[in-house]
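Below: the structure, in structure tokens.
The values are calculated or read from the model by the stated rules, or taken from the named source; none is laboratory data. Small disclaimer: the values here were computed from a predicted structure and weren't measured. Here the Cβ positions follow ideal geometry from the backbone for every residue, glycine too, while neighbour counts run over all protein chains shown. The area values use the complete protein model at the heavy-atom level, side chains included, leaving out ligands, DNA and RNA. Shrake-Rupley method; radii C 1.70, N 1.55, O 1.52, S 1.80 Å.
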Amino acid sequence: MLRKGETIGRHEIAFKTLPDGGLAVDVSIRLKVKFAFITVYRYEHDNREVWRNGRLVALNSATNNNGTDLSVEARWVDGGYRIVTGAGETVDVAAPDGLLATSYWHPATPDQDRLINTQTGAVMDVTITGRGPDAVAAPADQAKERIEATRYHLSGPDLAFDLWYDADRCLAKIAFQVKRDGSTIAYRPTRRPVASVQDDLAQHPLIGHCIDPKEQETHAS
């Protein structure tokens with residue numbers, strides 16, 4: 001994660017198949033902004049999603065937003081989600097087809113009009129607009145410098161992001177503007193979202209297509 005050309009943190013997404021065939025997605029964000037060697041802003045976020053049969057069935061998150069603690073626990077119940085926040089509020093949300101969260105890795109993210117906010121648990125109405133093709137920096141583990149991607153703009157309550165997905169609908173970049181000072185935080189990918197650390201992960205219908213073929217060959221050998 002870069003601000004004014006300097007690294008200020010990391011955003012990592014890890015995938016693991018579960019014994020029952022489900023998919024666990026772990027998100028870890030660590031961000032620290034300093035001014036004159038003094039930390040002026042700190043953000044820490046951990047989030048686990050569990051997916052089964054193509055549907056989000058559980059979400060647990062903990063966030064420290066510069067000293068403000070937030071948490072979310074969401075569970076799939078028949079026809080929707082029961083969401084419990086750190087403030088003790090419980091909300092039942094109808095969503096017969098399931099919902100995605102604001103973790104942005106899912107290839108269907110650009111098609112959504114509602115998302116579960118992983119910080120607050122709110123189910124938000126969002127607008128995601130295509131901005132057309134836009135080449136972005138290739139992951140650092142690839143030989144080429146740029147890759148072709150499609151840029152989207154996501155807007156919603158207290159949200160304004162630009163998201164880039166490559167030709168395989170794998171997340172390639174995120175960028176957003178900091179309201180406090182107008183600076184931009186942008187992501188520089190170090191690798192594609194998934195490496196083939198498990199034989200069966202490459203076959204997973206949600207994320208297997210994002211494994212770099214080079215990684216699959218290395219693992220197979």
TODO: Within region 39-61, work out how many residues are without any contact (Cβ under 8 Å) to a residue 24 or more places away in the chain, in contact with an Asp or Glu (Cβ under 8 Å, 6 or more places away or on another chain) and closer than 16 Å to THR120 by Cβ.
DONE: 2
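Here is a yes/no grid of residues against (1) touching a helix residue (DSSP H, G or I) at 6+ places or on another chain (Cβ under 7 Å); (2) within 26 Å of GLY22 (Cβ to Cβ); (3) modelled with pLDDT of 80 or more:
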site	(1), (2), (3)
LEU171	no, yes, yes
GLN177	no, no, yes
GLY182	no, no, yes
ARG188	no, no, yes
ALA195	yes, yes, no
ASP200	no, yes, no
ILE211	yes, yes, no
GLN216	yes, yes, no
SER221	no, no, no
Open item on the list: I need a count of the residues in region 147-160 that are over 10 Å from ALA135 (Cα atoms), touching a residue at least 24 places away in the same chain (Cβ under 8 Å) and either of a type in the set (Gly, Ala, Ser) or touching a His at 6+ places or on another chain (Cβ under 8 Å) (or both).
Closed with: 2
Open item on the list: Name the residue that is modelled with the lowest pLDDT, counting only residues in region 123-157 that are open to solvent by 70 Å² or more (accessible area, probe 1.4 Å) and charged (D, E, K, R).
Closed with: LYS144
Task: Residue in region 79-96 that is open to solvent by less than 50 Å² (accessible area, probe 1.4 Å) and within 20 Å of ALA14 (Cα to Cα) present - done: no
TODO: Run down GLU12, GLU49, GLU6 and say which single residue is open to solvent by less than 70 Å² (accessible area, probe 1.4 Å) and of a type in the set (Asp, Glu).
DONE: GLU49
Task: Single residue of ALA94, ALA36 found to be among the small types (Gly, Ala, Ser) and touching a strand residue (DSSP E or B) at 6+ places or on another chain (Cβ under 9 Å) - done: ALA94
Open item on the list: Show me the strands (runs of 3 or more DSSP E) found entirely inside region 1-84 where at least 1 residues are within 23 Å of PRO189 (Cα to Cα).
Closed with: 9-17, 23-35, 38-52, 55-65
